[in-house]
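Okay, structure first, notes after.
Computed from the coordinates by the stated procedures, all read-outs in this text should not be read as laboratory data. Keep in mind that what you see is a predicted model, and the values were worked out from it rather than measured. Backbone-built Cβ (ideal geometry, glycine too); neighbour counts: all protein chains shown.
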């Protein structure tokens, strides 16, 4: 592969990295998209090696509040194959696949669930997030000088802009070959009152597979439970303006920051 292959500008350029174009749309318990064997073997291998390198260097990053896992957020200084998920071409492809209108603001996280991790809880990811305002680029990642969860600026010059999560995507990678006894699935629910251990449907963390969905008041999902092996994933959120959310669903639907670990 040519150097810089992980920065495709268009969906057509991303298509050259895909193993196929069979992405399945599901409607229950809420609309979502699934795909397996997403990338060509050489592309997936590069992504997995980059994730494992990060994992070896950091041990999984820092603990995430309200969730039994550790992780890290990608910023503009992050280099290498995993930046594929912060490319303009990937952003357009995911927006097209989910049918959602998204802004240039994108949050990308690397997540590591240790063995026997505690179950999560059903949540819809319809949460706010803040970025440093930038109208010059098609993809704007999280800024270390602007707190994603509060909008506080630490350098006094960055201008925070509030966004709301519009699309959530989980890409599973660097895991043992999945067996049912491994657990680590993402559960799909009807309500935030559902029992986390009894989802309506589950998405196993098969390597080189993904789950994507528009964040709505009804997109309830969560980490079901851990097993004897760790579970690794790349999690990202594409955003839209608060005004767009209010126009579509009214006031009061955006919840406080919930982390969003599926």
### Task
Normalise the Debye intensity by I(0) for the range 170-262, one equal point scatterer per Cα, no solvent, then take log10 at q = 0.12, 0.14, 0.15 Å⁻¹ and round to two decimals.
-0.43, -0.57, -0.64
### Query
Shape of the range 130-195 from its Cα gyration tensor (a ≥ b ≥ c, root eigenvalues): rounded if a/c is under 1.5, otherwise prolate when a/b > b/c, or oblate?
prolate
### Summary
extent check for the range 64-181: Cα max minus min per principal axis, descending, whole Å, gives 49, 31, 29
### Task
Run the quick spin-label model on residue 253 and residue 195: label points 7 Å from Cα toward the beta carbon, then report their separation in nm to one decimal.
3.0 nm
#### Entry: Translational D in µm²/s for the range 11-249 (Stokes-Einstein at 4 °C, 1.567 mPa s, Kirkwood Rh from C-alpha pairs)
71 µm²/s
### Message
Under the √(5λ) rule applied to the eigenvalues of the Cα gyration tensor, what semi-axes describe the equivalent ellipsoid of the range 86-132? Give them in Å, descending.
### Response
26, 14, 13
## Note on the structure
Rounded to the nearest 500, the 222 nm mean residue ellipticity computed for the chain from DSSP H runs (n ≥ 4, each -39500 (n - 2.57)) alone is -5000 deg cm²/dmol
### Message
Defining a contact as two alpha carbons under 8 Å apart and six or more residues distant in sequence, what relative contact order in percent does the chain show?
### Response
25 percent
### Query
If you average over every viewing direction, what projected area does the convex hull of the Cα atoms of the range 1-130 give, in nm²?
9.4 nm²
### Task
Please check which bits of the range 195-228 a label hung off residue 53 would reach, taking the label as a point 7 Å along Cα-to-C-beta and the cut-off as backbone N under 20 Å.
208
### Task
Take the alpha-carbon centre of the range 15-38, take the same for the range 85-134, and report the distance between them in whole Å.
16 Å
### Task
Provide the FRET efficiency to the nearest 0.05 for the residue 37-residue 159 pair, computing r from the beta carbons and using R0 = 51 Å.
0.75
#### Entry: Whole-angstrom Cα spans of the range 33-93 along principal axes, big to small
31, 26, 24
### Summary
One finds, for residue 79 and residue 101 with R0 = 41 angstrom and r their Cβ-Cβ distance, a FRET efficiency to the nearest 0.05 of 0.90
